[in-house]
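**Student:** Got a structure here, written out as structure tokens. Questions coming.
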Amino acid sequence: MKQQTTMDDGPIDLPLPLDRPEPAPQCGVCAALTRQGAEAVAVGDYSKASDCNIEIRNHPHRGRHRS
């Protein structure tokens with residue numbers, strides 16, 4: 001059996017990353033996630049920073065529109 005060394009499909013098209021979400025005003029959870037995300041960026045842990053952004057974006061608040 002011959003080993004495949006190239007991709008059969010063309011290049012992968014990835015979208016641009018989403019903007020950093022705005023934390024809801026006076027929300028302790030959003031404030032903590034914002035702090036954790038900033039600390040993660042400061043030490044180069046962009047995966048954790050991305051996870052914090054996702055949690056902020058998905059954290060429910062009444063009357064808040066998700067972007």
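**Student:** Cβ-Cβ under 8 Å, sequence separation 6+ or interchain: first residue in segment 5-22 and within 26 Å of A40 (Cβ to Cβ), partner surrounded by fewer than 10 Cβ atoms within 10 Å (Cβ to Cβ). Which pairs?
**Tutor:** As it stands, the answer is L18/S67; D19/S67; P21/S67, since those pairs meet every condition given.
Quick grid of which residues meet (1) assigned to a loop (DSSP other than H, G, I, E, B); (2) small (G, A, S); (3) under 12 Å from I56 (Cα atoms):
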position	(1), (2), (3)
E22	yes, no, yes
T34	no, no, yes
A38	no, yes, no
G44	yes, yes, no
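**Student:** Residues of segment 1-28 being in contact with a helix residue (DSSP H, G or I) (Cβ under 8 Å, 6 or more places away or on another chain) and hydrophobic (A, V, I, L, M, F, W, C), which ones?
**Tutor:** If the condition is that a residue be in contact with a helix residue (DSSP H, G or I) (Cβ under 8 Å, 6 or more places away or on another chain) and hydrophobic (A, V, I, L, M, F, W, C), then L18, A24 are the ones that fit.
Each reported figure results from applying straightforward, stated rules to the coordinates on display, with no laboratory input. These numbers come from a predicted model, not from an experiment. FYI the Cβ positions are ideal-geometry reconstructions off the backbone, even for glycines, and counts take in every protein chain you see.
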